[in-house]
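Here's a structure for you.
No value in this document is a laboratory result; all are computed from the given coordinates. The shown structure was predicted, so the numbers you read here are calculated from the model rather than taken from an experiment. Here the Cβ positions follow ideal geometry from the backbone for every residue, glycine too, while neighbour counts run over all protein chains shown.
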Amino acid sequence: MSLPNHFELLHCDGAARSGRLTTPHGVVRTPAFMPVGTAGAMKGMHWREVRDAGTDIVLGNTYHLMLRPGAERIAALGGLQAFTGWNGPMLTDSGGFQVMSLSELRKVSERAVTFRSHIDGAKVELSPERSIEVQRLLGADIVMQMDECIRLPAEPGDIERAMQLSLRWGERSKRAFESAPDGAMLFGIAQGGDVAELRRASARGMVDTGFHGYAIGGLAVGEPQAVMLAMIGEVAPILPRDRPRYLMGVGTPEDILEAVARGIDMFDCVMPTRNGRHGVAFTRFGAVNLRNARHADDPRPLDAESAWPSTQGCARAYLHHLMKAGETLGAMLLSEINVAYYQDLMRGIREAISQGTFEQFRDRTRADWARGDITPR
């Protein structure tokens, strides 16, 4: 079954690409960063702030949502967009990564993975078919195939077994997805750990199956950045030029810049909101830890030239005070500042690619980071 294409490639600058992905709930400008709303909520932020920051698409988590409040309940309430109040595009992951990372008691078989819920200990089975069913019930614009993601480092034999299983699960996911007349999309996932040969084999097998878009999974799970970038370099040239490419779970601003330079179009990560809750702000001049005592008497804003009101208008001393006092407002402000910074970075990347100046933009962005408190990595 050949799946229709919803992606328009607009500009290329070297391997870097900008494009437009059309979904049932709106258009996604790429390269795009998806903030993570794990359980149908963005931690510390209202959806209005997420949208105002420049976000086109967000991510919801299949594992968490199917356990609570339940996919069937969400479907009965109109789907994720109606349930949450986010009226834009939404991607849901397959749930496989959370099963592996959150469930100590689990069993992987050819048919499915069975595990104990981290909420109440109930036994749950998640198969490729059930993962697709859950994501369709949630009403996702972009649905991910079921895969097995293992942490690195790992033995080559274990990596190959998981990669081959993920390919077979990808075929089953596609059959379960069918034609999706509502315009939703199905993405396949390339696995293969840190073994170049396995990464290439996974990418070729995934392309042979055929998906609306292609993701690279199983990275940013403990390996050095150089390994992650090398694996992207193995996979990206194999993927169809006219389909979107998604690097799952990544990452830092520098990771994003480097991955864009290698042809990646989409990203997601909990880092903007998680770091915000821990007192770290991402800015044009690098990451700033507002818990440090040196900010206690600093009246300067994080960035006086930022278009985001909280970045421009809140003194570092005030943000420091909020974090030291344990005030919820501190985590909220830093979370919105970080999401706004990530979206501003993506906007700058897209503009630079369209103008053929991506390399200059990358060099200038790195130079600005080096002038700040802490560099991104």
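Mind giving me the FRET efficiency for Lys123 and Ala82? R0 is 22 Å, r the Cβ-Cβ distance, nearest 0.05 is fine.
0.15
Using a Gaussian network model of the chain whose springs link C-alpha atoms within less than 10 Å, name the residue from Met144, Met45, Met34 with the highest mean-square fluctuation.
Answer for the Gaussian network model of the chain: Met45.
Still on this model: Name the residue, out of Leu247, Leu329, Leu345, whose mean-square fluctuation peaks in a Gaussian network model built on the chain with Cα pairs under 10 Å.
Of Leu247, Leu329, Leu345, the Gaussian network model singles out Leu329 as fluctuating most.
Let me ask something additional. Over what distance in Å are the Cα centres of region 46-88 and region 299-318 separated?
Here the two parts' Cα centres lie 30 Å apart.
Only Cα pairs under 8 Å and at least 6 apart count here; give the relative contact order of the chain as a rounded whole percent.
Relative contact order, the chain: 18 percent.
222 nm [θ] for the chain, helices only, -39500 (n - 2.57) per DSSP H run of 4+, per residue, to 500?
Mean residue ellipticity at 222 nm (helix-derived): -12500 deg cm²/dmol.
Rank the residues Thr114, Thr55 as a footprinting-exposure proxy: fewest other Cβ atoms within 10 Å of their Cβ go first.
Thr114, Thr55
Could you work out which residue, out of Ile189, Ile238, Ile256, moves most in a Gaussian network model of the chain, that is, has the largest mean-square fluctuation with Cα springs under 10 Å?
Of the options given, Ile238 has the highest mean-square fluctuation.
Further question on the same structure: Which ordering of Lys123, Lys324, Lys43 is given by a fewest-first count of other beta-carbon atoms within 10 Å?
Lys123, Lys324, Lys43
Rounding to the nearest 20 debye, state how big the charge dipole of the chain is about its Cα centre with +1 on each Lys and Arg Cβ and -1 on each Asp and Glu Cβ. Can you show the working numbers first?
Working: 43 positive and 45 negative charges, 74 e Å.
Rounded to the nearest 20 debye, it is 360 debye.
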